[in-house]
Amino acid sequence: MFPDWSVEIEQGAKHKATGLADFTVATYQTLLNPERLAKFDPKKTKAIIIDEAHHAAAPSQVNYRKLLSHFHPDVRHPDPDHCTQAEQDQVPVLGFSATFSRHDGLALGSVFERIVYHRDVLQMIDEDWLCDVRLTSVRVKLDLSTVALNKNGDFASTSLARVMNTPSMNELVVRTWLDRAAKCKSTLIFCVNVAHVRDLTNAFRQYGVDARYLTGQTNVTARKELVASFKAGEFPVLINCAVLTEGADIPNIDCVIVARPTRSKNIFSQMIGRGLRLSPDTGKEDCHIIDYVDTVNRVSSVMSVPTLLGLDPMKLNLENEPLSTLQKELKEPSVPFETAAPPDVGAKPGSVTYEDHESLQSLSSSLKGREIQIRQISRFAWVTCKKDTHVLQSFTSIKVKISRSKDSEQPFDVKLHRYIFRDGRRIEVSLALQTASSLEDAVHGADTYIQQKLNIDWQMFAS
């Protein structure tokens with residue numbers, strides 16, 4: 001696009017830039033070296049661009065803020081005694097991310113001020129930037145209530161593996177693939193940990209399927225060769241653990257199996273996103289996503305494709321639900337398990353049911369209609385999360401929610417929700433703002449409150 005631009009790399013011992021190129025590609029770890037950072041004069045720098053920008057606010061990534069404070073004084077250096085650049089050195093900071101939120105609730109507002117462009121998955125599918133999706137949710141009697149949580153609120157890997165990495169669960173994953181996705185050319189599977197990766201790979205091989213795996217322990221050369229072979233279609237199933245979650249470019253993936261439940265929207269979005277890239281050269285038309293839904297204790301906040309759209313995966317087939325006319329009749333698996341009582345950890349899963357959806361659009365069409373309705377009322381980027389519930393989330397740890405109440409005269413409640421940290425724990429507190437007789441009144445009241453009462457730039461909410 002700009003053939004006359006000079007491009008340099010600043011990374012490790014091998015690549016050292018002059019600091020004078022039109023465009024410099026660098027890792028933030030390298031730029032944390034004061035001598036190497038000093039080459040880049042804020043007065044001569046026109047912009048800073050961050051990929052995977054949701055990492056910039058992570059507590060483990062305070063170094064991002066150390067680096068960015070060199071270019072923009074409004075990004076606070078984590079050391080309060082640090083001397084920042086002069087006020088006039090305000091280099092624009094631009095962030096790109098497919099998952100612009102954080103599971104730990106931390107505010108991206110510590111780095112970014114506003115969203116200037118946004119497209120959700122459905123919009124990008126409609127506009128042919130991403131391929132369409134077919135979904136199979138496998139309802140199985142697990143018991144995720146026994147699984148411990150880590151400090152970020154997601155399932156702890158060691159504990160989760162005791163439920164997911166069992167001979168019967170691994171066999172179920174293989175039989176699901178054989179029954180629903182064996183015609184797919186390139187299946188990517190996400191596991192809980194390294195032991196799970198190896199055990200599930202062996203389970204596929206026992207059924208005669210050429211499955212291969214990579215982990216963080218796979219050396220760089222072997223990893224490149226394995227991914228290249230997978231891209232070339234030399235084998236049908238690649239199994240991994242936390243390696244190909246973010247940034248992997250393998251467009252030919254036409255099936256993703258999520259064999260590791262998660263409560264993180266970001267992680268789940270990244271996993272299924274590996275299969276949504278277009279690949280016309282391989283004849284790919286869509287991506288088949290297979291996930292597993294626990295039917296025992298229904299642990300809160302477990303992610304699935306329906307929950308990404310604000311739907312309850314356990315209610316999609318019930319009568320009188322708005323989406324009931326759009327759903328296919330549930331099919332029993334061709335290799336059913338016997339119905340059993342809720343299992344102990346590591347026990348054989350009980351009854352299994354498949355629920356198939358031919359496209360993401362059909363799954364979400366009624367929800368999408370309500371979202372269009374609210375966007376006609378408001379300038380802000382409200383998201384419809386489920387029937388009659390609408391949420392507006394800011395970069396700070398603040399959201400405004402509109403939901404139905406039982407009051408027949410004032411059936412809409414508007415509440416402000418905020419995350420606070422107390423005794424080392426993240427707690428959500430809410431404040432009732434108003435009640436309203438119609439959705440339109442509720443939205444107008446919420447919009448007015450945001451603009452007049454909250455000390456937040458309203459463009460951080462804008463669509």
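The values are calculated or read from the model by the stated rules, or taken from the named source; none is laboratory data. Quick caveat, the model's predicted, so the values are computed rather than measured. Don't worry about glycine lacking a Cβ; one is built from the backbone with ideal geometry, like all the others, and counts go over all protein chains shown. The area values use the complete protein model at the heavy-atom level, side chains included, leaving out ligands, DNA and RNA. Shrake-Rupley method; radii C 1.70, N 1.55, O 1.52, S 1.80 Å.
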Determine which residues of the stretch 268-291 fall in the zone a paramagnetic label at residue 234 would reach in this model, i.e. backbone nitrogen under 18 Å from the point 7 Å along Cα→Cβ. none
At a probe size of 1.4 Å, how large is the accessible area of residue 453, to the nearest 10 Å²? 140 Å²
Computed lengthening from residue 278 to residue 202, 0.36 nm per intervening residue step minus Cα-Cα distance: 24.3 nm
Write down the accessible area per residue of the stretch 3-67 in Å², having rolled a 1.4 Å probe over the full set of protein chains. 64 Å²
Looking at this model, which pairs from 16/265; 39/224; 16/46; 46/224; 265/415; 183/265 are more than 26 angstrom apart at the alpha-carbon? 16/265; 39/224; 46/224; 183/265
Report residue 4's accessible area, 1.4 Å probe, all protein chains in place, as a number in Å² to the nearest 10. 140 Å²
In nm, to one decimal, how far is the modelled label at residue 425 from the one at residue 148, with both set 7 Å along Cα→Cβ? 1.7 nm
Members of 231/284; 141/185; 406/453; 185/231 lying beyond 22 Å, as alpha-carbon distances in this model show: 141/185; 406/453
Taking a probe of 1.4 Å, how large is the accessible area per residue of the stretch 125-255, in Å²? 42 Å²
About its Cα centre, what dipole magnitude does the stretch 225-282 give when the only charges are +1 on Lys and Arg Cβ and -1 on Asp and Glu Cβ, stated in debye to the nearest 20? 380 debye
Of the accessible area of the stretch 117-205, computed with a 1.4 Å probe and all protein chains kept, carbon and sulfur make up a percent value of 51 percent
Counting other Cβ atoms within 10 Å, which chymotrypsin sites (Phe, Trp or Tyr not before Pro) in the stretch 1-64 have at most 11 and lie in a DSSP loop? 5
So for the stretch 167-286, averaging the separation of alpha carbon pairs under 8 Å that are six or more residues apart and normalising by length, what relative contact order in percent results? 31 percent
Label-point separation, residue 117 to residue 156 (7 Å along Cα→Cβ), nm: 4.3 nm
How much of residue 439 can a 1.4 Å solvent probe reach, expressed as accessible area in Å² and rounded to 10? 20 Å²
In nm, the gap between the two label points placed 7 Å beyond Cα toward Cβ at residue 220 and residue 435 is 6.4 nm
